[in-house]
Structure formats: structure tokens, C-alpha cells
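Input: a single structure, listed below in C-alpha cells.
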Amino acid sequence: MPRVTIDPITRIEGHLRIDAVVDGGQVQKAWASCSMWRGIETILLGRDPREAWLFTQRFCGVCTTVHAIASVRAVEDALAMEIPLNAQYIRNLILIAHGLHDHIVHFYHLSALDWVDVTTIPKADPVKTAAVGESLSEWPGNSDKEMRAVQGKVVGLVESGQLGIFANGYWGHPAMKLSPEVNLLALAHYLQALEFQRKANQIVGILGGKTPHIQNVAVGGVMNAINLNSLATLNMDRIYMMKDLFDQVIPFVQQVYFPDACAIAGFYPEWFDIGAGVQNYLAVPDLPTDPGSATFDLPGGTIFAGNLATVRAIGGSRDDYFRKGVVEDVTHAWYKGRGGQHPWKGVTDPDYTDFQDDGKYSWVKAPRFEGKPMQVGPLSNILVGYALEHELTKKWTDLALARVSAIAQRPITIDKMQSTMGRYLARAIRCAVLSELAVRQWQLLVNNVGKGDTSTFRAPNFSKEVEGVGLHEAPRGTLSHWIVVKDGKIANYQAVVPTTWNASPRDEQETPGPYEAALLKNPVADPEKPLELLRTVHSFDPCMACACHTLDVEGRAIATVKVL
Amino acid sequence: MTTPTTVAVLGLGNVLLGDDGVGPFVIEMLRAGYALPDSVSVTDVGTPGLGLPAYLSESDAVILVDAVCASGEPGELRLYRRQEIDDVPLKPRVSPHDPAVQEALFLVDLAGCGPGELLLVGIIPEQTAVGAGLSKPVRRACQPAIDAVLRELVRLGVPAVPRRAMDAPHIWWASA
């Protein structure tokens, strides 16, 4: 049987490798492997826990803020600390802005070209394209003039033969089904998205001091001084500058990204029957609204066996259901031993064996919850929220399903969300939910400051030996940082990142992880061009959290300088 | 008087992976040692993947400082202009971490907000394993890399001025 290996390893860069055995046009067995050593937590041992966030924010160059905030939350959890309300709101706003940014980038810049065939664009009719755009939303950037301009750019690229990043798509693949007009509309939004990605990033900068590495978090709160009349602090000007940026980004999310995701889902309804995989779902609650992080704007919980009636809420980092439920299994990962360990007891002792189909084959450990593999990410988020009757989640999910059903001309129900396309659609739903919560959290901050509360920080006190966990429902799903502190120094630190859950290898019971399970029965029309595999893998938004990226420009220097 | 050229000097790389952190290291040395015109910004951008376009789209010129994979001795500098970067064949993207410089440049150009000029100051690394801090040859290459940035700023008409008393560079990741 043909075996497909997708392995983009460059010289030192290790990433995701997917192996799939294909027979009869379908995947029969799959393996997900991360081919780069990821022992980056070891750098934290012996350091001051108050500084851990500076380092963890460099775990991943894409999700910097995410790891900074999960880290300070872990230390605060260990110390059972409360933090000022303003600190919660400011962190929440940073996390929301990052989430909006990240989801926009994923949809347009990381995955759209799996569905949109750029090479058909010269054939599109700009007037018809504008009409399609108008039928989807009231966004002002859908005029035929705009469409003609974007089409002109693509024609220019095709004529010059300089297709750039569009040179290596699977163009003309039988699984590409959109009309030239829809392809043109999607590409126009792909280019417009750059501007809104930048604006979302500016919000992070206003609150965080700098981007991409924020400077303002601290164990005990945030370091933003609030003084409404001072230029150097978080003042009214900055608070309104932030509001102004949200007011520009939010319409892009609600009038462009959300309708585009619904449209693509509606044009490819067959992908609601593919790629369910592991149907256990995990999401943690986030956007805390009280100093002790006991109440949240976004719910968390678990669902097992694809049955929404099994939903059980997670109450936060102090909830033993989560705190005691997680282990990381190393049976098929390149670490010594077999079986699972709780993250506080986790060791990272490498044991590289080469890729063995039935043995060890990945650097990613296999996290399990109550012994089971769990899918994490926006889909878990949406299903848990829907099952717990979270109002905003229900509103946007029902709206999305109605739109998709209308375009597909067949009913697409909540159950169909458990699929490859469901993951794409869930990300857009979550982004819309976040966009509404941005306004709410901004108002909460303004109201609280308006009451005269300008407190943002409480100094932590360290006791002899403590352990804690910091949670964040990141763009890619549940993130947990686990810390053990002894005599004021870090004695153990483990980050269980979303992609570890989703890209996990098999465990001691030989149960495959979510990528591996989702690829089973995935269609592959042409093993030489495994576009369909990429669609399912990309639906999880993989991020291997190993940010080494040395640029390969072998033999092309314009000048060489030898330093002696 | 014409408006001064706006320049973004961006250090790329992961400071927790040895010599991969040379870009951010050079940025901190520049910040500590030189007074820069208002139109010149210096930023440690880490490894932003497709977050990079946001940093490329607001300047007339961009200077990137990064570890590069090229044949040669560790610590050697390689300078590249736009054409040399564009000539490298792209590989399929799977994760947001895949090298994004070419993609980001292509995107901002297509969107009509790309930089008019580009220089990449590349440094050949010795080791990029987990660990904070630079190898000796790469540490020695930092001043020549800064000099290359300074020459480009002169060429662009926005020279930097050495500070009389240099601040201590803020290399927080390399402290014990």
C-alpha cells in the first residue's frame, strides 16, 4: 500500500511529520510525529519563578503573550493569590486581541489556499464577485473596483511568472471546487486581512508596552500604571485608542471572516463528514472576571464520545477535576520509560530511537485526561460552550449553522461540527464570540477604573514548597503551565501546549492521538498531491512550539564578511 | 526639507536556542550603544511567523538581522538584498513557524505596503540547541553585524550616533 510522508524538515528546523498509509483512495493508518527535540522547559530550572514568564514567552514566537500569561497564572495559582481586577481585565484584553489576530492569520494566511485556487482568478468576473460579496455581508471592501484591482495584481503575477508564495499550491486539484469569483473574493479578503492583523497587534502593543514580546505582566498582576491624566501611563487616550482599534477589527471579524468561513464551509459541505477523529473534547474556562479567578466569561469543560450530554464543567485551575486529571504518556515518545506521569512529576529524559512505526516515533509526549486522548481547540471550546448553554457561543453557532445550511442547501447541524470543516467553522465562531467579549471586557475595565480603582499589582509572597497550574484557553486550545517551586526557585516546569494534545502520538493503550485519528478514512485522490491530508491537519492549526527558524539562503549572499 | 526615510531594524530569532538568538542580541546592543533618529525603529521580533508582515509594512526600508543557514564558518556574515531572498525556492507551509520572511515580504508587496528597500544581515550560527547565550564566534560577529546595520543607515540618510557612555545592553536571557 502506498505510504505518504509529509515531512517539511529543513536543515535544523524540526516540525510536524505526517505518515499515512493510503489504500483505495483513503488513509488506513496514520502517524503524527514532531521531529524536533523540545526540552525548552529545562532552561527554567533553578530560576526565580517571578521571571519564568520572560522565558516562556519565547517558547513560541507566534503565541508569545499566551505563554507569558499562562506562566504568571501558574505561579499565582501555586501561591493561591488573588490579583487586582484591573489586572484581570488588562490581561483578558491582551488575550482577546491576540486571539483575534491569530484566528484571522490562520484562516486567511495559513489555510485559505488549501481551499482557494488562486490560478482561476484571472477568469473571474469582478462585477459578479462584488455581487457575491454583497450577498454575504455589508462589508464596504467588496466593491467591483476593489475586486478588479486585486484581480489585476494576480494577473500581473501570472504574466510575470513570479507566483511567489502562490507557486507551490495544489492548483487545479480535483478537490478544489470554488468558482473563480469566490476565489477572487477570498483573495481580496486575504490581502485586506493583513491590515486587521496589524491593528489587532497594535492593541497588544498599547497594553503590553511592546509587541511581539509584551513587557507588562508580573506575578501578582500587571505593571501598567493607571492614571487617567498622566501621559506615561494607561490613560484615557490610550484606553480610547484601544477601543478605536477594536472598533475597526471587530467589523472585519463579523462582516468578513465569519461570513467567509460560513461560505467556504457551505461550498464544501462534504468536509463535514470527514475527519472527526478523537471525539473527546477539552476546554478550560478563561477571561476571569474576579480577583480569585473563580468566575469566567468563557466556560470550560469536557465532553466524551462525541455526546454533548456528557458535558462536565471545569471550574478553573483550583478544580481537582482538571488539576488531577492530566498525565503525559511517553510510551511512543522519544523519552525514557513507558506510561504516564502527572506534569508536576514529569521528567524530560530523551531516548531517541529513530522513527519506529510500532515503537517510539515522536518528540511530542501524549497528554491524556482521565486516561483518554482529548481534542482541544476552538471546536472543543464551541461544543463545550454550546452544551453548557453559553449565550454568545449559542448565538454565533446557530447563526453559522443557519448560514452554512442555506449555502449548502442541506441541513448542517451541531453534530456535523465534529469534523474537519467543523474545526474551521468553530474557529470563526470563537473569533466572533471573542470580538463581542472584547467590547465587554473593555467596558468592565473602564467601569472599574471609573470607580476609582487604579490598582494593578499585588506583591507575591513565597512559601517553602508549592505547586501550581496556570490555565489559558489559547487560540489553538487548552494550554497549561505546571510549576513546582522550592525555596523560591523553580524545581520543575512543564508546559502542556494545545498542539501536544492534538498532535500526540499513541499511548500505552495504543490509542492514537487526535491528528492520527482524524486522518483515518480521509480521502486522498492523488498520493502525489495529498491536499486532502493538509486540509485535515491544518484544521487543527498546528503550532509545534519549537520556534527555531534559521533562514535557508544557501549560496545566495551578495557579500560575505569573514570575522577573524 | 524632505521627510526622513523610515527604517525598521528587526532582530529575528529565538533567544532560548543559542546562536539563533543573535538577531535579538544585536538589537539590544544597538539600542544600548547608539542614539537613533526618530524615523528609525529597532525591534526584537523573535520568531513571529506570519505575524511578521505587521512589522514590514510601515517603513520605507527594512533591515533584518538573523542567523542564516549558509555554508561557511560560524560567525561569518552574509549580506543579502531582496533579489537573493526571493530566489530561494519556497517549501510547503505546515506550521506557522515555518520561515516566513519570503512569504511576509511577498504578502506586503502584494498588498501594496511593502518596504522599498531591504537588507538582510545574516550571521552563520555555530549551535542552535536549547540554551540561552551565544557561542564565541557568533558573539564576536555581533559588532561587525552592527557595523553593517550602521553602514546601511548611513546609506539611507539616517545615520545613528554612538552614545558617549554606552548603556549596558539588556541581555536578560543570558544571565544566570
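To the nearest µm²/s, what D does Stokes-Einstein give for the range B:7-171 at 37 °C and 0.692 mPa s, using the Kirkwood radius over alpha carbon pairs as Rh?
On the way: Rh = 16.0 Å.
Reported coefficient: 205 µm²/s.
Each label point is 7 Å from the Cα along the Cα-to-Cβ direction; what then is the distance between the points at B:Q127 and A:Q248, in nm?
Once both label points are built, they end up 4.6 nm from each other.
When we measure straight from the Cα of B:K136, which lysines land under 23 angstrom away, once same-chain ones fewer than 8 places off are left out?
Reachable lysines: A:K562.
Going highest first, how would you order A:441-453, A:391-403 by mean Cβ packing within 10 Å?
Working: A:441-453: 15.3, A:391-403: 18.0.
Going by the mean number of other Cβ atoms within 10 Å, highest first, we get A:391-403, A:441-453.
Have a look at the protein assembly as shown and give its Rg and Dmax from the Cα atoms, expressed in angstrom.
Values for the protein assembly as shown (Cα only, Rg and Dmax): 24.6, 73 Å.
Under 8 Å for C-alpha pairs, at least 6 residues apart: give me the relative contact order for chain A, rounded to a whole percent. Before the final figure, lay out the partial values.
Working: 1144 pairs, mean separation 135.1, N = 564.
After rounding, I find 24 percent.
Go ahead and run the numbers for FRET between A:T310 and A:K489, Cβ-Cβ distance against an R0 of 45 Å, rounding to 0.05. Please list the in-between numbers first.
Numbers: r = 41 Å, r/R0 = 0.92.
Step by step, r from the Cβ atoms, then E = 0.65.
Please work out the C-alpha center-to-center distance from the range A:304-340 to the range A:200-254 and express it in whole Å.
One Cα centre to the other: 35 Å.
Considering every residue in A:57-64, what mean count of other chain Cβ atoms within 10 Å of its Cβ is obtained? All intermediate terms of the calculation are to be shown ahead of the outcome.
Working: counts 1, 11, 2, 6, 13, 10, 3, 5.
Going residue by residue through A:57-64 and averaging, the value is 6.
Sequence neighbours fewer than 8 away in the same chain don't count; with that in mind, list the lysines whose C-alpha is under 23 Å from A:K521.
A:K29, A:K177, A:K372, A:K416, A:K529
In straight Cα distance, which aspartates and glutamates are under 16 Å from A:K199, not counting same-chain residues fewer than 8 positions off?
Of all the aspartates and glutamates, those that pass the test against A:K199 - Cα under 16 Å, at least 8 places apart if same chain - are A:D102, A:D244, A:D247, B:E58.
As a test of the formula, what do you get for chain A when each DSSP H run with n ≥ 4 contributes -39,500 (n - 2.57) and the sum is divided by the residue count, at 222 nm and rounded to the nearest 500 deg cm²/dmol?
Details: 15 runs with 205 residues, N = 564.
Result for chain A, helices only: -11500 deg cm²/dmol.
Mean separation of Cα pairs under 8 Å and 6+ residues apart, divided by the residue count of the range A:208-338: what relative contact order is that in percent? Present the calculation step by step, with values, prior to reporting the outcome.
Working: 112 pairs, mean separation 13.2, N = 131.
This gives 10 percent for the range A:208-338.
Which links in A:K243/A:K394; A:K336/A:K360; A:K345/A:K365; A:K123/A:K153; A:K365/A:K489; A:K336/A:K365 stretch past 18 Å when you go from one Cα to the other?
Details: A:K243/A:K394 25 Å; A:K336/A:K360 10 Å; A:K345/A:K365 14 Å; A:K123/A:K153 13 Å; A:K365/A:K489 25 Å; A:K336/A:K365 11 Å.
Table pairs above 18 Å Cα-Cα are A:K243/A:K394; A:K365/A:K489.
Based on the Cβ-Cβ distance of B:R164 and A:R47, what FRET efficiency does E = 1/(1 + (r/R0)^6) give at R0 = 30 Å, to the nearest 0.05?
Details: r = 35 Å, r/R0 = 1.16.
According to the calculation, E is roughly 0.30.
Please give the calculated 222 nm ellipticity per residue for chain B, where each DSSP H segment of at least 4 residues contributes -39500 (n - 2.57) and the sum is spread over every residue; nearest 500 deg cm²/dmol?
Values: 5 runs with 51 residues, N = 176.
Computed mean residue ellipticity for chain B: -8500 deg cm²/dmol.
Which whole number gives the average count of other chain Cβ atoms within 10 Å of the Cβ atoms across peptide B:103-109? Kindly include the intermediate steps, with their values, before the conclusion.
On the way: counts 3, 3, 2, 7, 8, 3, 2.
Neighbouring Cβ atoms belonging to other protein chains average 4 per residue here.
How much of the DSSP bridge set in the protein assembly as shown is antiparallel, in percent, rounded to the nearest 5? Provide the component values of the computation, followed by the final result.
Numbers: 58 of 82 bridges.
About 70 percent, rounded to the nearest 5.
Readers should treat all values here as calculations from the given coordinates under stated rules, not as data from a laboratory. Predicted model only: the values in this text are computed from it and were never measured. Cβ coordinates were reconstructed from backbone atoms using ideal geometry, including for glycine residues, and neighbour counts include every protein chain displayed.
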